[in-house]
Structures are given as structure tokens and as C-alpha cells.
1. Would you confirm, using the coordinates I've provided, whether Leu53 is of a type in the set (A, V, I, L, M) and in contact with a Pro (Cβ under 8 Å, 6 or more places away or on another chain)?
2. Checking the structure you have, find out if any residue of segment 47-57 is charged (D, E, K, R) and either under 30 Å from Ser143 (Cα atoms) or exposed (fewer than 10 other Cβ atoms within 10 Å of the Cβ) (or both).
3. Looking at segment 32-43, is at least one residue among the basic types (Lys, Arg), at pLDDT 90 or above and in the same structural domain as Val138 (by TED's automatic domain parsing)?
4. Inside segment 101-143, can you point out the residues that are touching a residue at least 60 places away in the same chain (Cβ under 8 Å) and among the polar types (S, T, N, Q)?
5. From the list Phe96, Phe121, pick out the single residue that is touching a helix residue (DSSP H, G or I) at 6+ places or on another chain (Cβ under 7 Å), modelled with pLDDT of 90 or more and of a type in the set (Phe, Trp, Tyr).
6. Quick check, is Glu67 modelled with pLDDT of 65 or more, of a type in the set (Asp, Glu) and surrounded by 10 or more Cβ atoms within 10 Å (Cβ to Cβ)?
Amino acid sequence: MTSTRQNAAPLFSQVDVSTAFQPHASSPREEQAELLREILTAQDRTNDLLEELVNTTGATQRQRQSELNQWRSAHPELATACRDAAEALTRVQIDFLDRMTYDINDSGDDMVDGEFVLNEFIDRYGPRLAHLNGVIQVLAQLSSLPNPANSQQ
């Protein structure tokens, strides 16, 4: 049985872990300088990406502003009607907010103590307020006067 083991290939071999290359022992000052260079490189890359993002966002905003100006020029009477409608809905929104704040002040303690009262309040005012705000925002954007600074760019 011993002869069989001697003929088998060894499972483990010796590995030379010594290196022919001796790394240059750097001082802590050199390590700090290298780390600062790496940080500077990463910061430069971040700045480049941010600049690209600003340029892309700016181009999108300029395109959108140009399209709105074209729409307003093509439909001046509708833009005026949108402005009037936005002002009317803003008055409605003020009245709605007045009623909502009255209800909050009137039943605020009940909302804290009972989830049912809070859910009823949210169901009553939440969707209407969100939709009203959305409609006012659209009307205001369509009716706003073009910004001379944006239209020149």
C-alpha cells in the first residue's frame, strides 16, 4: 500500500512566494500625495459630468421654452384665456385652502387620535387639491409671458 502512494502525483506543490521585484517603499507623504491626485482626478470627472448634465438640462429647457413661445404666438387669444382661467382657478384654490385649513384647525386633534378622521380628510381634500394644482400649473405655463432672457438664447 505504501508503494501506491509514492507513485501518485502529489496534491500540493511548493509555490515560490518570494518576488523578484521589490516594491518601492513609499513614505506616508508620497501616499497622501498619490491619494490626493486620485481624489482630484475623480473630482475633475465629477465636474465634467455635472457640466454635461447642466448643458443637457439647459438645452432641454431652452427647447421647451421655445416651443411654448411658438405655441403662444400661434394662439395668442388662447394664451390670454389660459391666463384668465388660471387667475380664476387661483381664487378657487384660495377658497379651497381656506376651507381646508378651517377643517384642519377644527378637527386636528381628532386626526391625531383617530386614523379614520385623517383618512377621511385626505380622501376629501387630497385628490382635489392635487388635481387643482396640476390644472393651475398647466394653465399658468401656457399663459405666462415669454421671458426675454430665455427667448434671446
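The values are calculated or read from the model by the stated rules, or taken from the named source; none is laboratory data. Everything quoted here is computed from the prediction, not taken from an experiment. Neighbour counts run over all protein chains shown; Cβ positions are idealised from the backbone, glycine included.
1. The answer is no for Leu53.
2. So in segment 47-57, the residues charged (D, E, K, R) come out as 48, 51-52.
Of the ones still in play, those that are also either under 30 Å from Ser143 (Cα atoms) or exposed (fewer than 10 other Cβ atoms within 10 Å of the Cβ) (or both) are none.
No, because not a single residue in segment 47-57 is charged (D, E, K, R) and either under 30 Å from Ser143 (Cα atoms) or exposed (fewer than 10 other Cβ atoms within 10 Å of the Cβ) (or both).
3. So the first thing to find is which residues in segment 32-43 are among the basic types (Lys, Arg), and the list is 37.
Next cut, at pLDDT 90 or above only: 37.
Of the ones still in play, those that are also in the same structural domain as Val138 (by TED's automatic domain parsing) are none.
Scanning segment 32-43 turns up no residue that is among the basic types (Lys, Arg), at pLDDT 90 or above and in the same structural domain as Val138 (by TED's automatic domain parsing).
4. The answer is Gln141, Ser143.
5. On inspection, the qualifying residue turns out to be Phe96.
6. So Glu67 passes the test.
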